[in-house]
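Worksheet: the structure to be examined is printed underneath.
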Amino acid sequence: MSATDASGRAAQRTDAADEAEARRLDDEQRLAEAQEERRGTRPDWSPLPRRAGLKPNASPLLSLRTPIPARWRWALAVASFVIPLLVWVTLNALGTIKPMFLPTPVAVFDALLKMIESGELFGDLWATTQRVLLGFGLAVLVSVPLGIVMGTFDAGLALFEPVIAMLRYLPASAFIPLLMIWLGLGEPSKVAVLFLGTVFFNTLMTADAVRGVPRSLIDVSYTLGARRGEVLRKVIVPHALPGMIDATRVNAAAAWNFVVVAELINATAGLGLRIMRAQRFTQTDRIFALLIVIGLLGLVIDIALRLLRARVGKWAA
């Protein structure tokens, strides 16, 4: 057999293989088309209407997630206080609500001055603040480590989340009779009410903040040679810290809500006690004054925690 005949037969075999491959591809294409016809053709979608884009001079106040100038921010912050005050003054001027139920701002200010001059306001404020700091402080000391464990380890989440998810629905005020029996009528029972009212929520919110740490950061840390403890201390906790501060800021407000309930337990001093005594004699001006004091103190705590978050978590949005 000559070399020419051999090469010719090899070329024929190559052509035959190419034709077989082409027939196979054609069969697959026809099969795919038949299956598509059996499923039904996709409906023709009408084109989206043409809309005009955002105007270049659109106000940032009405733009989504757009920063606003500092002067607008301060103006809106002032307006958030001025507008309710104007509504309050207007209702008093129109006589829509009796002064016994809605005292005038002047009457509330006079009541506040009288409590300051008598010295009782500062004693009550200090007693209430001590209870909040102690009760909520204990809640933070327990909930933050527990939340980190739940957010970092699936075993911790499986162990603690079911019982905490159940306990958080139990109102703290429902524990007052038991706390009075277990701890007596002194300060421990009041602190325990604040602790029970905030610890479960702060635990779950801390765990959510820790679970928000991207898995990619953890994987990269292991790739670079970090050990488990180093990943926890230098990656997970720092990244979740702004979220944990936000959780603390939210639940600090809850602590101030529960302190009024806690001071119903045989308290001798406290803002909640003064509010209940004023209610007995329908002294609504004193009640409003005490509520304003609580609100202002809570606002100071909120601003302090916001500043702390901005300082320790500058990378967070």
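The values are calculated or read from the model by the stated rules, or taken from the named source; none is laboratory data. Remember, it's a predicted structure, so these values are computed and weren't measured experimentally. Cβ coordinates were reconstructed from backbone atoms using ideal geometry, including for glycine residues, and neighbour counts include every protein chain displayed. Only protein heavy atoms, including side chains, enter the accessible area calculation; ligands, DNA and RNA are left aside. Shrake-Rupley method; radii C 1.70, N 1.55, O 1.52, S 1.80 Å.
Conditions first: (1) without any contact (Cβ under 8 Å) to a residue 12 or more places away in the chain; (2) within 30 Å of residue 289 (Cα to Cα). Residue 88 passes all but one, so which condition is the exception?
(1)
Say we look at the range 172-181 and pick out the residues that are in contact with a helix residue (DSSP H, G or I) (Cβ under 8 Å, 6 or more places away or on another chain) and either open to solvent by 30 Å² or more (accessible area, probe 1.4 Å) or among the aromatic types (Phe, Trp, Tyr) (or both); which of these is nearest to residue 129 (Cα to Cα)?
Filtering first and then ranking leaves 173.
May I ask you to list the residues in the range 252-300 that are aromatic (Phe, Trp, Tyr) and farther than 24 Å from residue 186 by Cβ?
Matches in the range 252-300: 281, 288.
Against the conditions (1) open to solvent by 40 Å² or more (accessible area, probe 1.4 Å); (2) modelled with pLDDT of 95 or more, where does residue 122 fall short? Just the number, please.
The one condition residue 122 does not meet is (2).
With the condition kept exactly as written, say whether any residue in the range 105-113 is over 25 Å from the mean Cα position of the chain (by Cα) and surrounded by fewer than 13 Cβ atoms within 10 Å (Cβ to Cβ).
For the range 105-113, residues over 25 Å from the mean Cα position of the chain (by Cα) and surrounded by fewer than 13 Cβ atoms within 10 Å (Cβ to Cβ): present.
Where residues in the range 197-219 are buried (at least 16 other Cβ atoms within 10 Å of the Cβ), assigned to a helix (DSSP H, G or I) and among the aliphatic types (A, V, I, L, M), which of them is modelled with the lowest pLDDT?
Restricting to residues being buried (at least 16 other Cβ atoms within 10 Å of the Cβ), assigned to a helix (DSSP H, G or I) and among the aliphatic types (A, V, I, L, M), the top hit is 218.
Tally the residues that are farther than 16 Å from residue 121 by Cβ and aromatic (Phe, Trp, Tyr), restricting the search to the range 271-304.
Summing the residues that are farther than 16 Å from residue 121 by Cβ and aromatic (Phe, Trp, Tyr) in the range 271-304 gives 1.
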